């Protein structure tokens, strides 16, 4: 089953009649690791709609999506995390947010020395963004610049 | 800055063409495994770390071997019949 086709038709019929997926002509360049994994500063970027309990949720009522992002401090309390997303059962996944934002697993890997230091912040988008231009031109580059400023060596990009 | 992507919809990733990606057939919301499945959550992260060192060709998408067997949620989601 081609989900891309199913989703395309779903969005075209209900929201954006001319919706089409973004297609890149060539692959992104591979940047090799410049140091062993066990020395790398690691950050997680997710599209799971993760945010803090006292922070703004993503706008899941907007049928044209939400291209904003949230910074998730690395030392955030697990109980402080919330999920807002239209594409999966957030109530069920909230029972164990590591299913989609494995911050506790990453902390364990850091403690064990499998990876280097976790970055002081991670980032979350909410993956329903049918109008991609704000993500491509604004919020995506903003997050990339922040990761560069933080001197992150390795970014794990995880979908919802 | 190196990046390592996970994907659960291969045909979309084939159009976006990230530098490197791992594909797994999990339902949306359960990228790293099921509730309480600490071992698999950890293993998928380990797989990402190993792949980022191994994959050299831009645009490579490799399949992870894990199967979601506890229910048919993924199939229902792909048909837009479940959340």
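The values are calculated or read from the model by the stated rules, or taken from the named source; none is laboratory data. Since we're looking at a predicted model, the values are computed, not measured. FYI the Cβ positions are ideal-geometry reconstructions off the backbone, even for glycines, and counts take in every protein chain you see.
Here are the numbers for the structure shown:
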{"item": "Residue B:6 being part of a strand (DSSP E or B), at the interface with another protein chain (Cβ under 8 Å from one of its Cβ atoms) and buried (at least 18 other Cβ atoms within 10 Å of the Cβ)", "result": "yes"}
{"item": "Residue within the range B:12-26 that is outside any helix (DSSP H, G or I), more than 7 Å from chain A (Cβ to nearest Cβ) and over 18 Å from residue A:88 (Cβ atoms) present", "result": "yes"}
{"item": "Test result for residue A:13, over 23 Å from residue A:136 (Cα atoms) and free of Cβ contacts under 8 Å to residues at least 12 places away in the same chain", "result": "yes"}
{"item": "Members of the range A:126-160 found to be assigned to a helix (DSSP H, G or I) and either within 12 Å of chain B (Cβ to nearest Cβ) or buried (at least 16 other Cβ atoms within 10 Å of the Cβ) (or both), listed by number", "result": "A:135, A:136, A:139, A:140, A:143, A:144, A:145, A:146, A:147, A:148, A:149"}
{"item": "Members of the range A:91-111 found to be within 15 Å of the chain's Cα centre (by Cα) and either assigned to a loop (DSSP other than H, G, I, E, B) or farther than 15 Å from residue A:73 by Cβ (or both), listed by number", "result": "A:98, A:99, A:100, A:101, A:102"}
{"item": "Residue that is within 11 Å of another protein chain (Cβ to nearest Cβ) and in contact with a helix residue (DSSP H, G or I) (Cβ under 8 Å, 6 or more places away or on another chain), where the choices are A:115, A:72", "result": "A:115"}
{"item": "Boolean, residue A:77 is surrounded by 15 or more Cβ atoms within 10 Å (Cβ to Cβ), out of contact with any helix residue (DSSP H, G or I) (no Cβ under 7 Å at 6 or more places or on another chain) and either more than 14 Å from chain B (Cβ to nearest Cβ) or more than 20 Å from residue B:7 (Cα to Cα) (or both)", "result": "no"}
{"item": "Scan of the range B:55-83 for residues that are part of a helix (DSSP H, G or I) and under 17 Å from residue B:7 (Cβ atoms), ordered by number", "result": "B:74, B:77, B:78"}
{"item": "Qualifying residue in the range A:21-41 (condition: modelled with pLDDT of 95 or more, under 24 Å from residue B:19 (Cα atoms), assigned to a strand (DSSP E or B) and in contact with a strand residue (DSSP E or B) (Cβ under 8 Å, 6 or more places away or on another chain))", "result": "no"}
{"item": "Among the residues listed as A:65, A:55, A:49, the single one being within 18 Å of the chain's Cα centre (by Cα), more than 13 Å from chain B (Cβ to nearest Cβ) and surrounded by 17 or more Cβ atoms within 10 Å (Cβ to Cβ)", "result": "A:65"}
{"item": "Positions within the range A:78-90 being assigned to a loop (DSSP other than H, G, I, E, B) and under 18 Å from residue B:41 (Cβ atoms), in sequence order", "result": "A:88, A:89"}
